[in-house]
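The values are calculated or read from the model by the stated rules, or taken from the named source; none is laboratory data. Here the structure is a predicted model, which means the values were calculated and not measured. As a convention, Cβ positions derive from the backbone with ideal geometry for all residues, glycine included, and neighbour counts pool all protein chains shown.
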Amino acid sequence: MERASKHIFAALALILAGSFSITTLAFDWSSVGPNANEESQEEDTPPPPQTEDMIHARGLEQLPNDHWQENNPYRGNAKAVAEGARLFSRVGCKDCHGIKAVSGGTTPDLRKLGPDKDALYLERMRNGSSKGMPSFENRVTQEAMWAIRSYIDVRWAQYNDSDVEWAKNEEFEQYRP
Ligand code: HEC
């Protein structure tokens with residue numbers, strides 16, 4: 001290679017390297033950085049459209065399906081608790097979490113899931129867990145999810161001898177083991 005073309009080559013290489021580092025700097029790292037999660041939580045995706053083959057709750061007030069409820073809208077509702085008890089078996093929760101939500105020890109005992117744990121409940125139901133909990137987001141309607149939650153609420157109140165008003169209903173006695 002001649003001297004002059006070597007110089008041109010080196011100059012080109014420098015320009016190229018320069019533009020690379022500028023592109024790297026200009027890239028919006030916020031979309032992949034540690035804050036990305038927080039942002040996507042704020043713009044949470046709504047529940048999937050409800051289809052025929054999803055498992056539905058019967059006879060409960062419909063919820064707006066454009067957003068997820070943050071807290072159980074049916075807590076203490078006797079119809080929801082009865083539906084939840086049925087669905088807890090029907091959907092298969094009992095196969096892993098035990099009959100009447102009494103855990104055999106290999107999965108979390110849902111009787112310990114107090115009413116302040118709705119966010120954890122919804123998170124697990126929607127996304128499952130890499131430790132063996134499947135996702136139910138596309139299999140169970142939002143109404144059915146909160147009905148199951150209402151049943152777990154009652155089992156929590158019974159297990160903890162809680163005197164919360166919403167759990168005082170003779171109908172709930174049938175759910176004790
Ligand atoms: C195939 C087994 C399996 C099935 C079916 C299953 N779960 Fe789970 N579940 C698990 C396991 C394992 C964990 C623990 C996951 C972890 O800690 O990451 C868990 C965790 C949870 C938690 C979080 C509890 C806590 O204290 O951390 C909730 C709530 C829950 N399950 C509810 C349900 C409900 C309601 C159903 C039915 C719709 C259900 N699960 C069906 C295995 C299962």
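The table below gives the values:
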| item | result |
| --- | --- |
| Matching residues, the stretch 119-133, being under 15 Å from H97 (Cβ atoms) and surrounded by 14 or more Cβ atoms within 10 Å (Cβ to Cβ) | Y121, R124, M125, G128, M133 |
| Yes/no for A119 being outside any loop (DSSP other than H, G, I, E, B), among the aliphatic types (A, V, I, L, M), over 20 Å from A167 (Cβ atoms) and touching an Asp or Glu at 6+ places or on another chain (Cβ under 9 Å) | yes |
| The stretch 127-161 - residue that is within 20 Å of P73 (Cβ to Cβ) and without any contact (Cβ under 8 Å) to a residue 40 or more places away in the chain and, of those, farthest from the ligand (Cβ to nearest atom) | A157 |
| Inter-residue pairs, beta-carbon under 7 Å, first of a type in the set (A, V, I, L, M) and in the stretch 164-175, second not in a helix (DSSP H, G or I), 6+ apart | A167/G76 |
| Pairs with Cβ under 6 Å, 6+ apart, first in the stretch 94-107 and surrounded by 15 or more Cβ atoms within 10 Å (Cβ to Cβ), second basic (K, R) and not in a loop (DSSP other than H, G, I, E, B) | A101/R111; A101/R155 |
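Results for (1) polar (S, T, N, Q); (2) in the same structural domain as R155 (by TED's automatic domain parsing); (3) near the ligand (Cβ under 9 Å from one of its atoms), shown as yes or no for each residue.
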| position | (1), (2), (3) |
| --- | --- |
| A78 | no, yes, no |
| V81 | no, yes, no |
| A85 | no, yes, no |
| C96 | no, yes, yes |
| S103 | yes, yes, no |
| P108 | no, yes, yes |
| G114 | no, yes, no |
| L122 | no, yes, yes |
